[in-house]
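Structure record follows, encoded as structure tokens.
The values are calculated or read from the model by the stated rules, or taken from the named source; none is laboratory data. Quantities reported herein were computed from a predicted structural model and do not represent experimental measurements. As a convention, Cβ positions derive from the backbone with ideal geometry for all residues, glycine included, and neighbour counts pool all protein chains shown.
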Amino acid sequence: MRTARFWMGTLVAGALALGYGCGSSAKEDPAPQDAPQQSMDAGPDAGMDAGTDAGVMLTLTDAQIARVLQVANEGEIMLGQFAAPLATSTAVRDFNNQMVTEHTAVNQRLDALLSAQGITPEDSELSLKLQSDIQQLMQYLSGPHAPAKGAALDQALISAQLDAHAQVAFLSDALLSTQIVNPALKQEALAERQTVQTHINSAASIQSGFVLPPTTP
């Protein structure tokens, strides 16, 4: 099992500090290695404690990576279920409903693979952090500092989805893909990474409709 240098401080302060604000822009069709990492201003109550020093050596087993993949899907399901009823934009609402459907299917496929491979998922600092962050994100979006319902909230909801997916893409490229040993799990992780990229592209397209004025013929 390979050991990767995992910059926890950078991850938490950048990819995990989701910002929840508005007005960021994303590439329309980023390459998998260049997933957008939005830089949005966090609300007063949205700050997250990095918790660890930068430069921590984080080594994960296949069982721990399996749990990270599960939690990533579970987070998208939770965020989709949370955001869809709040959205007034049809595109934002439909995207969040799509996330519930597609990430549920992905998690079911992952669970079947883990059972067949005899891999029992195990929590790690990373999986627990991902769980905590999605909870904090939803707390902010439903709290007193969240945008009022309407276009501003719709933009925040799609920006949150874009950031959450970019976070998973970052983890997959920088950490998970370098450490998986089981070939079947590696193949599944790659398939999930490709799905995440598709979702990033879709979310970025929806977000651009809020950020950029519509073009006229």
For LEU162, which of the numbered conditions (1) among the aliphatic types (A, V, I, L, M); (2) more than 23 Å from GLU102 (Cα to Cα); (3) touching a His at 6+ places or on another chain (Cβ under 9 Å) fails to hold?
(2)
May I ask you to verify whether ALA83 is within 15 Å of the chain's Cα centre (by Cα) and touching a residue at least 60 places away in the same chain (Cβ under 8 Å)?
yes
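Have a look at ALA169, ALA191 and point out the one that is touching a helix residue (DSSP H, G or I) at 6+ places or on another chain (Cβ under 7 Å), of a type in the set (Gly, Ala, Ser) and assigned to a helix (DSSP H, G or I).
Numbers: ALA191 fails: touching a helix residue (DSSP H, G or I) at 6+ places or on another chain (Cβ under 7 Å).
Just one listed residue meets the conditions, ALA169.
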Could you count how many residues in segment 176-204 are closer than 16 Å to ASN107 by Cβ and β-branched (Val, Ile, Thr)?
2
Taking segment 83-105 and the residues there that are of a type outside the set (Gly, Ala, Ser) and in contact with a Leu (Cβ under 8 Å, 6 or more places away or on another chain), the one that is surrounded by the fewest Cβ atoms within 10 Å (Cβ to Cβ) would be THR88
Inside segment 137-157, can you point out the residues that are within 20 Å of the chain's Cα centre (by Cα), in a helix (DSSP H, G or I) and among the aliphatic types (A, V, I, L, M)?
LEU137, MET138, LEU141, LEU153, ALA156, LEU157
Residue by residue through segment 85-123, note down the ones that are among the charged types (D, E, K, R) and closer than 25 Å to ALA156 by Cβ.
ARG93, ASP94, GLU102
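Could you say which residue among LEU113, LEU60, LEU69, LEU128 is surrounded by 20 or more Cβ atoms within 10 Å (Cβ to Cβ) and in a helix (DSSP H, G or I)? Steps first, answer last, please.
Values: LEU113 fails: surrounded by 20 or more Cβ atoms within 10 Å (Cβ to Cβ); LEU60 fails: in a helix (DSSP H, G or I); LEU128 fails: surrounded by 20 or more Cβ atoms within 10 Å (Cβ to Cβ).
Going through LEU113, LEU60, LEU69, LEU128 in turn, just one is surrounded by 20 or more Cβ atoms within 10 Å (Cβ to Cβ) and in a helix (DSSP H, G or I): LEU69.
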Within segment 173-182, which residues are modelled with pLDDT of 95 or more and either surrounded by 18 or more Cβ atoms within 10 Å (Cβ to Cβ) or in contact with a His (Cβ under 7 Å, 6 or more places away or on another chain) (or both)?
GLN179, ILE180, ASN182
What single numbered condition from (1) out of contact with any helix residue (DSSP H, G or I) (no Cβ under 7 Å at 6 or more places or on another chain); (2) more than 23 Å from HIS199 (Cα to Cα); (3) not charged (D, E, K, R) fails to hold for SER132?
(2)
Collect the residues in segment 86-100 that are under 16 Å from the mean Cα position of the chain (by Cα) and either charged (D, E, K, R) or farther than 18 Å from ALA151 by Cβ (or both), keeping them in residue-number order.
ASN97, GLN98, MET99, VAL100
